[in-house]
Amino acid sequence: MASLQGLQLVRNFFTRAGGLSIRATQVLRAEPPKKKKRVDPKQEVMRQQRLLKKLKKIQFKMGDPELKPIVDFDVDRKLMEDDRKRDDNEADFETSEERARLQKAWSRYKFQQHVTETNTIKKSIRSQTKALEELRLESEELYQAAIQRDPGLFPLLITGPTYTPPVTDYSAVSPDGDYIDVTKQYK
């Protein structure tokens, strides 16, 4: 302990209940904080103005930055002509009421369909759980075999009617052709 005091380390030891919980504080070798200098607010404002002036001068010498051209938004002028605009045909009252009625009927139908599907799924899960519980009471080996994952279930291959016939050698030829990167680089 005498050698520790010779190094002028300031460290405190603390113990809690039990001999294994001995704690020591970290060595703190900090100086007292330096006194802040008082700065005249006018001088601070003048310093900031000088800095802004230098930045503006540098920016003026560099010139305006090169802007990226927007090629994606070029629209053919023929498409912008007024005679191409559609007239706003507002539906009469009876048509709008009929559309609202059909929308409500469709919403009710889809909600009822959702409720039916949810109840069917819940019922099948409930019956499956009950069957597994009965199987477990009957035989633990059969239960363990029943809950194992079927490796032949996936990958699942389903074929069915399609909108278009399959294209022969579709994967052999790229549908978009060869890709050549022509992106312009701006600095």
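What follows is calculated from the coordinates using simple rules that are stated; it is not laboratory data. Note that this is a predicted model, so its numbers are computed, not measured. Neighbour counts run over all protein chains shown; Cβ positions are idealised from the backbone, glycine included.
Side notes on the structure shown:
- Sequentially through the range 148-154, phi angles give Karplus couplings (6.51, -1.76, 1.60; θ = phi - 60°) of 6, 6, 8, x, x, 6, 10 Hz, Gly and Pro residues having no value and appearing as x.
- FRET efficiency for the pair GLU31 and LYS57, taken as 1/(1 + (r/R0)^6) with r the Cβ-Cβ distance and R0 = 25 Å, rounds to 0.05.
- Each residue of the range 123-134 is assigned a 3J(HN,Hα), and the resulting list reads 5, 5, 5, 4, 5, 5, 5, 5, 5, 5, 5, 5 Hz, derived from the Karplus form 6.51 cos²θ - 1.76 cosθ + 1.60 (θ = phi - 60°), x at Gly and Pro.
- In this structure, SER127 and LYS104 have a Cβ-Cβ separation that, at R0 = 30 Å, corresponds to a calculated FRET efficiency of about 0.30.
- Along the range 89-106 the Karplus relation, 6.51 cos²θ - 1.76 cosθ + 1.60 evaluated at θ = phi - 60°, assigns HN-Hα couplings of 8, 7, 6, 6, 4, 5, 5, 5, 5, 5, 5, 5, 5, 5, 4, 5, 5, 5 Hz to successive residues, with x for each Gly and Pro.
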